[in-house]
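Novice: This structure is in structure tokens; I'll ask about it shortly.
The values are calculated or read from the model by the stated rules, or taken from the named source; none is laboratory data. Keep in mind that what you see is a predicted model, and the values were worked out from it rather than measured. A quick note on method: Cβ atoms are made from the backbone with ideal geometry, for glycine too, and the neighbour counts reach across all protein chains shown.
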Amino acid sequence: MADSASTGTVQDGTGVIMEEFSYDDAIVRKFLFATVIWGTVGMLVGLLIALQMADPRFNLGLSFTSFGRLRPLHTNAVIFAFAGNAFFCGAYYSTQRLLKARMFSDALSKFHFWGWQAIIVAAAVTLPLGLTQAKEYAELEWPIDLAIAVVWVAFAINFIGTMIRRRERHLYVAIWFYIASIVTVAVLHIFNNLSVPAGAFKSYSLYAGVQDAFMQWWYGHNAVAFFLTTPFLGLMYYFMPKAAGGPVFSYRLSILHFWSLVFLYIWAGPHHLHYTALPEWASTVGMLFSVMLWAPSWGGMINGLLTLRGAWQKVVDDPILKFFVVGITAYGMSTFEGPMLSIKSVNALAHYTDWIIAHVHTGALGWNGFMTFGMIYWLLPRIFQTKLFSKKLAELHFWIGTFGIILYVVAIYSAGVTQGLMWRAFDATGRLTYPDFVETVTRLIPMYWTRVAGGSLFIVGMLLFSYNILRTWQSRPARYDVPVVKAPRLTPVHREDGPKAAPIAGLLPAAVHRSWERKPILFTVLTALTVIVASLFEIIPTFLIKSNVPTIASVTPYTPLELYGRDIYIREGCVNCHSQMIRPLRYETERYGEYSKPGESVYEHPFLWGSRRIGPDLAREGGKYPNLWHVRHFANPQEIAANSIMPSYPQFATTPIPWAVIPKRVDAMAMLGVPYGEAINNAEAMARTQAAAIAADIEASGGPAGLEDREIVAIIAYMQRLGRDISAPTAVALVGDGEQP
């Protein structure tokens, strides 16, 4: 299975046995094309949802094109399809050359490629259909999660097998980062996605409320860390020195950068949950480790930029190096801003606003996007065995893309700061200056249009990039040359021999690390232990200390109809626009009501605290408006609030409730420990009874008749339940204050 294209062995003049083999560049070409295709698709979807925020008519009146359903498609496409395929493209090319070995198995390489593309297609189909777990960056349902695990294991076996059969004694720094990415993504994916299926494409998270929030952001932050950061640092350590024509700046800095980054990153997730119902000690630990993370992150940036020492004139002349320089600079900006945002006082202003969106896109467009562009431009003449079609077109791509990024992030940083300041503003009488949430949305519309312009420019650059690749590919030779590579045979003893390691004292001596680099299995185990031990120090106390989630006697499970209504809320992606977490900050309690408690969400599988407010928080929505208000609001939000950017959902009033699925979903929740009692045996009957009561109230209030078997009554049942376990507000007049839920 290994080195399937090996051509044999020869003996050189000194008696050393040389092995002849060839590299598999066909798999690199496959992942390169996938990167470009999916990147274009993902960015076009991003442009559409940007238009939807500027003008809700771009939701197109279709359920599968609404913002709530397309937003996770955009994030998954950019993260796992574009950046994922870019990582695999660069890793397959560099790994073979760094280890002087063909990939362990051509069959596993092909299985990895086609399996990953099948997963992307499955995501592209299921997410617009509303089949989602509603967990950020982990929305895909359980059958696709299983497929991801299988494909990832195949990739890991192929990678580790190649390391074991390598012909290079030491593992270069890029390989360290690939190891960390492969190991940590596997751990994160498996433990965050543990769930109980309730149907072919429906499941409920194994965790609830506070624990689910903790696990999600342990996963979510570290998905960014180990899927968008460490893999691309590995690519940086290989491709930047190649493009610059010189060695990496500092080997010792690489060691310090790698181990401190891997250890510190895994602790930082809870900083996404400042001032929420998460125990304060956990978010404080997340903040402290996030602040410490700034140092190793900038260590990597410095190591990358100083690799170009003495090559600045080459940077001026070479668009590839320009992409790398801006990419690493964007990485430095993002990794300074991330620790800053983790500080509680800054987070209180920025969280739930577009500031976070700008921060994310600085990294995604600048770091991941530009590093990918630079890497692929460098690869094109080597894997297509021809000249790059147009260096001038690559230069134009660089400047258009750079200006697009600047326009995008400046607009959305401005939007984020505007949101945060308007939400917390009080007038001279001590009242909220902007009590109507829609007022804060209206102010952002010009900034949203500016973002559309910046995103459009970035996509124009992407199209120029695609054209340059296509024309370069068209000039390829009729048949690719497959060079035969010669390298000395290394026996297992040769791979691990070398100078004895010095004892550890103070900082890890380079000699110790050099000995680890000759032992890939040991290196992999040490990396895994670093990640797992750091994770357990946070996870175990969060789950085992009962005082972290004190119970509230009045909190009871959702009724069967409310549970199905919650599933509709999840299906439509409402959590992408609304939070259900009121922080103990005066301007939030004045606007929304009593702050949220840990015990309120003990039966919520998954948690729905949200991470962004395009609409107001809904934690205390129950009883705020009568049932008929919700009917009209879902049918046409702009009738209630003229400046609302919420999509309309008239289909709720015409779509029948599939009553047969409700008992199955109640059963699944009961398996998770939710005390449903008699509802387990009478779920459908109880749901029908509650639906009939809501429909009768709507009709009696002057609304349409015949809604008792339509989805509108289920989603209303859920909306009216929110916050009612600890309070029972009195419904206001039908028109309300213009604040859309």
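Novice: I want to confirm something. Restricting to segment 22-59 and keeping residues that are over 16 Å from Ile120 (Cα atoms) and either among the basic types (Lys, Arg) or in contact with a strand residue (DSSP E or B) (Cβ under 6 Å, 6 or more places away or on another chain) (or both), which single residue is modelled with the highest pLDDT?
Specialist: Per the criteria, the residue is Arg29.
Novice: Might you let me know whether segment 386-403 holds any residue that is closer than 30 Å to His351 by Cβ, in contact with a helix residue (DSSP H, G or I) (Cβ under 7 Å, 6 or more places away or on another chain) and of a type in the set (A, V, I, L, M, F, W, C)? Walk me through how you get there before you give the answer.
Specialist: Here is the first cut: in segment 386-403, the ones closer than 30 Å to His351 by Cβ are 401-403.
Filter again for in contact with a helix residue (DSSP H, G or I) (Cβ under 7 Å, 6 or more places away or on another chain), leaving 401-403.
Checking the rest, the ones that are also of a type in the set (A, V, I, L, M, F, W, C) come to 403.
Among the residues of segment 386-403, at least one is closer than 30 Å to His351 by Cβ, in contact with a helix residue (DSSP H, G or I) (Cβ under 7 Å, 6 or more places away or on another chain) and of a type in the set (A, V, I, L, M, F, W, C), which makes the answer yes.
Novice: Does Gly269 satisfy the criteria of being assigned by TED's automatic domain parsing to the domain that holds Tyr331 and buried (at least 24 other Cβ atoms within 10 Å of the Cβ)? Step through it out loud before you land on a result.
Specialist: On the way: assigned by TED's automatic domain parsing to the domain that holds Tyr331: yes; buried (at least 24 other Cβ atoms within 10 Å of the Cβ): yes.
So Gly269 passes the test.
Novice: Next question. What number goes with the only condition from (1) buried (at least 17 other Cβ atoms within 10 Å of the Cβ); (2) within 29 Å of the chain's Cα centre (by Cα); (3) assigned to a loop (DSSP other than H, G, I, E, B) that Val41 does not pass?
Specialist: Val41 satisfies every listed condition except (3).
Novice: So which residues in segment 524-534 are farther than 16 Å from Ser260 by Cβ and in contact (Cβ under 8 Å) with a residue 12 or more places away in the chain? Break it down stepwise before answering.
Specialist: Within segment 524-534, the subset farther than 16 Å from Ser260 by Cβ is 524-525, 528, 532.
Thr524, Ala528, Ile532 - these are the residues of segment 524-534 that are farther than 16 Å from Ser260 by Cβ and in contact (Cβ under 8 Å) with a residue 12 or more places away in the chain.
Novice: Find the residue count for segment 567-608, including only residues that are under 20 Å from Leu127 (Cα atoms) and of a type in the set (A, V, I, L, M, F, W, C).
Specialist: Here the count works out to 7.
Novice: Could you check segment 65-182 for helices (runs of 4 or more DSSP H) lying wholly inside it with 2 or more residues that are over 17 Å from Gly234 (Cβ atoms)? Steps first, please.
Specialist: Details: elements: 67-76, 84-99, 106-126, 142-164.
Answer list for segment 65-182: 67-76, 106-126, 142-164.
Residues checked against (1) among the aromatic types (Phe, Trp, Tyr); (2) farther than 30 Å from Arg479 by Cα; (3) buried (at least 20 other Cβ atoms within 10 Å of the Cβ):
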site	(1), (2), (3)
Ala330	no, yes, yes
Ala350	no, yes, yes
Trp355	yes, yes, yes
His361	no, yes, yes
Gly369	no, yes, yes
Trp399	yes, yes, no
Gly404	no, yes, yes
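Novice: Looking at the structure I just gave you, is Ala415 in a loop (DSSP other than H, G, I, E, B) and out of contact with any strand residue (DSSP E or B) (no Cβ under 7 Å at 6 or more places or on another chain)? Talk me through it step by step, then tell me what you get.
Specialist: Details: in a loop (DSSP other than H, G, I, E, B): no; out of contact with any strand residue (DSSP E or B) (no Cβ under 7 Å at 6 or more places or on another chain): yes.
No: the conditions fail for Ala415.
Novice: Okay, moving on. Would you mind finding the one in Val575, Val549 that is hydrophobic (A, V, I, L, M, F, W, C), surrounded by fewer than 24 Cβ atoms within 10 Å (Cβ to Cβ) and in contact (Cβ under 8 Å) with a residue 24 or more places away in the chain? Let's see the steps before the verdict.
Specialist: Values: Val575 fails: surrounded by fewer than 24 Cβ atoms within 10 Å (Cβ to Cβ).
Residue meeting the stated conditions: Val549.
Novice: So, Ala668, is that one modelled with pLDDT of 95 or more and either under 30 Å from Glu439 (Cα atoms) or out of contact with any helix residue (DSSP H, G or I) (no Cβ under 9 Å at 6 or more places or on another chain) (or both) or not? Explain how you work it out, then say what you get.
Specialist: Working: modelled with pLDDT of 95 or more: yes; either under 30 Å from Glu439 (Cα atoms) or out of contact with any helix residue (DSSP H, G or I) (no Cβ under 9 Å at 6 or more places or on another chain) (or both): yes.
Yes.
Novice: Kindly list the number of the only condition in (1) free of Cβ contacts under 8 Å to residues at least 12 places away in the same chain; (2) touching an Asp or Glu at 6+ places or on another chain (Cβ under 8 Å) that fails for Gly416.
Specialist: Of everything listed in (1) free of Cβ contacts under 8 Å to residues at least 12 places away in the same chain; (2) touching an Asp or Glu at 6+ places or on another chain (Cβ under 8 Å), Gly416 misses just condition (1).
Novice: Applying the selection to segment 204-215, what residues are over 23 Å from Tyr275 (Cα atoms) and surrounded by fewer than 22 Cβ atoms within 10 Å (Cβ to Cβ)?
Specialist: The answer is Leu206, and nothing else.
Novice: Does segment 336-345 include one or more residues that are surrounded by fewer than 24 Cβ atoms within 10 Å (Cβ to Cβ), more than 24 Å from Ile582 (Cα to Cα) and in contact (Cβ under 8 Å) with a residue 40 or more places away in the chain?
Specialist: So far as segment 336-345 goes, yes, one or more of its residues are surrounded by fewer than 24 Cβ atoms within 10 Å (Cβ to Cβ), more than 24 Å from Ile582 (Cα to Cα) and in contact (Cβ under 8 Å) with a residue 40 or more places away in the chain.
Novice: Exactly one condition in (1) touching a Lys or Arg at 6+ places or on another chain (Cβ under 9 Å); (2) within 26 Å of Lys624 (Cβ to Cβ); (3) crowded, with 16+ Cβ neighbours inside 10 Å; (4) in contact (Cβ under 8 Å) with a residue 40 or more places away in the chain is not met by Thr654; state its number.
Specialist: (3)
Novice: Checking Gly269 against (1) at pLDDT 95 or above; (2) more than 30 Å from Ser515 (Cβ to Cβ): exactly one of these is not met. Which one?
Specialist: Single failed check for Gly269: (1).
Novice: Glu517 versus (1) within 31 Å of the chain's Cα centre (by Cα); (2) under 23 Å from Glu604 (Cβ atoms): which is the lone unmet condition?
Specialist: Against the list (1) within 31 Å of the chain's Cα centre (by Cα); (2) under 23 Å from Glu604 (Cβ atoms), Glu517 comes up short only on (2).
Novice: Can you find even one residue in segment 197-206 that is under 28 Å from Phe64 (Cβ atoms), part of a helix (DSSP H, G or I) and touching a residue at least 12 places away in the same chain (Cβ under 8 Å)?
Specialist: Of segment 197-206, the ones under 28 Å from Phe64 (Cβ atoms) are 197-205.
Going one step further and asking which of them are part of a helix (DSSP H, G or I), we end up with none.
Taking every residue of segment 197-206 in turn, none turns out to be under 28 Å from Phe64 (Cβ atoms), part of a helix (DSSP H, G or I) and touching a residue at least 12 places away in the same chain (Cβ under 8 Å).
Novice: Take the conditions out of contact with any His (no Cβ under 9 Å at 6 or more places or on another chain) and of a type in the set (Phe, Trp, Tyr) and apply them to Phe289. Does it pass?
Specialist: No: the conditions fail for Phe289.
Novice: Still on this structure, please answer the following. On the given criteria, is Ala728 under 37 Å from the mean Cα position of the chain (by Cα), modelled with pLDDT under 95 and loosely packed, with under 14 Cβ neighbours inside 10 Å? So that I can check it myself, show each step before the final result.
Specialist: Numbers: under 37 Å from the mean Cα position of the chain (by Cα): yes; modelled with pLDDT under 95: yes; loosely packed, with under 14 Cβ neighbours inside 10 Å: yes.
Judged against the criteria, Ala728 is a match.
Novice: Looking at segment 530-543, is at least one residue within 26 Å of Tyr592 (Cβ to Cβ), out of contact with any helix residue (DSSP H, G or I) (no Cβ under 7 Å at 6 or more places or on another chain) and not acidic (Asp, Glu)?
Specialist: Checking segment 530-543: not a single residue is within 26 Å of Tyr592 (Cβ to Cβ), out of contact with any helix residue (DSSP H, G or I) (no Cβ under 7 Å at 6 or more places or on another chain) and not acidic (Asp, Glu).
Novice: A further question on this structure: I'd like the full set of residues that are surrounded by fewer than 22 Cβ atoms within 10 Å (Cβ to Cβ) and either without any contact (Cβ under 8 Å) to a residue 60 or more places away in the chain or within 25 Å of the chain's Cα centre (by Cα) (or both), limited to segment 303-325.
Specialist: Leu305, Leu306, Trp312, Gln313, Val315, Val316, Asp317, Val325
Novice: Another question, then. Using the structure shown, decide if Gly245 is among the small types (Gly, Ala, Ser) and under 29 Å from Thr126 (Cα atoms).
Specialist: Numbers: among the small types (Gly, Ala, Ser): yes; under 29 Å from Thr126 (Cα atoms): no.
Spelling it out, it is not the case that Gly245 is among the small types (Gly, Ala, Ser) and under 29 Å from Thr126 (Cα atoms).
Novice: With respect to the numbered conditions (1) farther than 30 Å from Met581 by Cα; (2) surrounded by fewer than 22 Cβ atoms within 10 Å (Cβ to Cβ), which one is the sole condition not fulfilled by Ile175?
Specialist: Only one criterion in (1) farther than 30 Å from Met581 by Cα; (2) surrounded by fewer than 22 Cβ atoms within 10 Å (Cβ to Cβ) is unmet by Ile175, namely (2).
Novice: May I ask you to say which residue of Ser596, Ser554, Ser535, Ser547 is of a type in the set (Ser, Thr, Tyr) and assigned by TED's automatic domain parsing to the domain that holds Val666? Spell out the reasoning first.
Specialist: On the way: Ser554 fails: assigned by TED's automatic domain parsing to the domain that holds Val666; Ser535 fails: assigned by TED's automatic domain parsing to the domain that holds Val666; Ser547 fails: assigned by TED's automatic domain parsing to the domain that holds Val666.
Exactly one residue qualifies, and that residue is Ser596.
Novice: Sticking with this one: Given the condition modelled with pLDDT of 95 or more, over 21 Å from the mean Cα position of the chain (by Cα), aliphatic (A, V, I, L, M) and surrounded by fewer than 20 Cβ atoms within 10 Å (Cβ to Cβ), answer yes or no: does some residue in segment 99-107 qualify? First the steps, then the outcome.
Specialist: So in segment 99-107, the residues modelled with pLDDT of 95 or more come out as 99-107.
Then keep just the ones that are over 21 Å from the mean Cα position of the chain (by Cα); that gives 99-107.
Among the residues that remain, those that are also aliphatic (A, V, I, L, M) are: 99, 101, 103, 107.
Okay, now just the ones that are also surrounded by fewer than 20 Cβ atoms within 10 Å (Cβ to Cβ), so 107.
Among the residues of segment 99-107, at least one is modelled with pLDDT of 95 or more, over 21 Å from the mean Cα position of the chain (by Cα), aliphatic (A, V, I, L, M) and surrounded by fewer than 20 Cβ atoms within 10 Å (Cβ to Cβ), which makes the answer yes.
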